[in-house]
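What follows is a set of notes on a single structure, which appears directly below.
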Amino acid sequence: MAWPRRDPSRAPVGDESSDMAGVRLRRVNRWLTEDMRQDLADLYTASCETEPEEEYRSRGREEFLSRLTGDIRRPGFAMVIAETDGLVGCAFGFPVRGDGSWWHGFDGALPHSSEQLTESDGVFAVTNILVRPHPQEDDLARRLQERLLAGHQASLGTTLVDPADHPTLNAFRSWGWQDIGEIWRPGLPTMFRVLVLPLGERTVERLEGLGHHAWTRWPG
């Protein structure tokens, strides 16, 4: 869900890559995001590059636009974009509702600290990170998610990653994200790994050294 990665063998080399020098990050509101829908869809297509068939790419584009529309409508939606002479990356998400609906479908028990932070509206979900192919794309993706989370009062970040996407999982873990289990989303063919990022020393302390008694279950 966050950060669709492409086949590494198709990564650009030499002067085929975009110049990332002087990349600028800035926040955009939901109305500007609406105006940028087609540019964001182009970015999504470029960031994936997994199948050459036009029909497959078109279907993926429409599915992305549908998911983007759903996210934009959520209260607190936020986006950060990266620009050089054009759009080269973005990250977006929304605050997790205090009713715990974000965790529905979680396999097993949820860390109790995550439950408490959710109830206090302290969790922000990063739902997508997109970056145009470039040798430094991992660094730009890290900067985007940091800027997105920095603009909120959240104590915990969360995101979902395809378990087969080992490069993305490894990247998030290298940035300090913790893997807490798997979750199932209706209509999707795979379970996702659930990652969380404690924001601030107090949250780090609450998530460290969790025992079996510190886990709970959400209904549903």
Completion exercise
Result of the Cβ filter at 7 Å on the range 157-184, keeping first residues that are more than 17 Å from Leu199 (Cα to Cα) and without any contact (Cβ under 8 Å) to a residue 40 or more places away in the chain and partners that are surrounded by 20 or more Cβ atoms within 10 Å (Cβ to Cβ) and aliphatic (A, V, I, L, M), at least 6 apart or interchain, is Leu169/Val161
Fill in the blank from the handout: Across (1) at pLDDT 90 or above; (2) among the small types (Gly, Ala, Ser); (3) surrounded by 20 or more Cβ atoms within 10 Å (Cβ to Cβ); (4) touching an Asp or Glu at 6+ places or on another chain (Cβ under 9 Å), Gly181 clears everything bar (3)
Practice task
Please determine, by comparing only the residues of the range 77-112 that are assigned to a loop (DSSP other than H, G, I, E, B) and open to solvent by less than 10 Å² (accessible area, probe 1.4 Å), which one is modelled with the lowest pLDDT.
Solution key: Gly100
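Here is a yes/no grid of residues against (1) modelled with pLDDT of 90 or more; (2) among the hydroxyl-bearing types (Ser, Thr, Tyr); (3) assigned to a loop (DSSP other than H, G, I, E, B):
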| position | (1), (2), (3) |
| --- | --- |
| Ser114 | no, yes, no |
| Ile129 | yes, no, no |
| Gln153 | no, no, yes |
| Gly157 | yes, no, no |
| Leu188 | no, no, yes |
Exercise for the section: Sort out which residues of the range 121-154 are in contact with a Ser or Thr (Cβ under 8 Å, 6 or more places away or on another chain) and surrounded by fewer than 17 Cβ atoms within 10 Å (Cβ to Cβ), and write them in order of number. Expected result: Pro135
Fill in the blank from the handout: Residues of the range 142-179 being among the charged types (D, E, K, R) and touching a Lys or Arg at 6+ places or on another chain (Cβ under 7 Å), in sequence order, are Asp165, Asp179
Practice task
Evaluate the following for Gly157: is it of a type outside the set (D, E, K, R), open to solvent by less than 40 Å² (accessible area, probe 1.4 Å), on the phi > 0 side of the Ramachandran plot and in contact with a Phe, Trp or Tyr (Cβ under 8 Å, 6 or more places away or on another chain)?
Solution key: no
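The values are calculated or read from the model by the stated rules, or taken from the named source; none is laboratory data. Just so it is clear, the model here is predicted, and its values are computed rather than measured. Quick reminder, even Gly has a Cβ in these numbers, built from the backbone with ideal geometry, and neighbours come from all protein chains shown. Quick note on the areas: whole protein, heavy atoms, side chains included, nothing else; ligands and nucleic acids left out. Shrake-Rupley method; radii C 1.70, N 1.55, O 1.52, S 1.80 Å.
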